[in-house]
Amino acid sequence: YERSDRGKFSSAKPVPLFSFPSRWDSEAQAKVNKQDPNPKFLEQVKALFPNAEEDKIVVMCSDGRQRSIQVLMMLDEEGYVNIAGLKGGFNMWDATFDPKVRRRNVGLAKEVYTHDADSCGIHASGAGFQMVDKIESVDRKDYVDWEDWEEAVAKKSA
């Protein structure tokens, strides 16, 4: 879990696979990110979760893809059986739930044309929302080309 700047779960035990420091590169005139692998990742996980048969672990990264899959595969190879990846990662979780774990409105509401006095939703005449600003769908994919952890650790220690 490398996004501690964006929030975290109160009961989380974050163990970063990579740190991802950012800095401004004046020559490139752009923000530059460096992937720095955590060579003690598995040791730290084993210290926090010593019982591979009983401990329950939810793995997540920014979008639930590259790094989460790497970690799930590593933990499976280490004998952990109660492991799961958070589908959509932290980006989707953060878009779906607020910091108090209340569901946000993420475009799931729909127009209803009848009213039974106890419903909740967007009530409309059926004329549509042409005069309302369109809500753009946000792409929550992490486009960083993440390194393979084992290769990055081997390169770092060489």
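Here, each number is a calculation from the coordinates, and none is a lab measurement. Quantities reported herein were computed from a predicted structural model and do not represent experimental measurements. Ideal geometry is used to build each Cβ from the backbone, glycine not excepted, and the neighbour counts take in all protein chains shown.
Once amide H atoms are built 1.01 Å from N in the peptide plane, which residues 5 or more positions from PHE18, or in another chain, come under 5 Å H to H?
Amide H to amide H, under 5 Å and 5 or more residues apart or across chains, PHE18 pairs with ASN38.
Testing the spin-label approximation: label points 7 Å from Cα along Cα→Cβ at PHE97 and TRP24. State their distance in nm.
3.6
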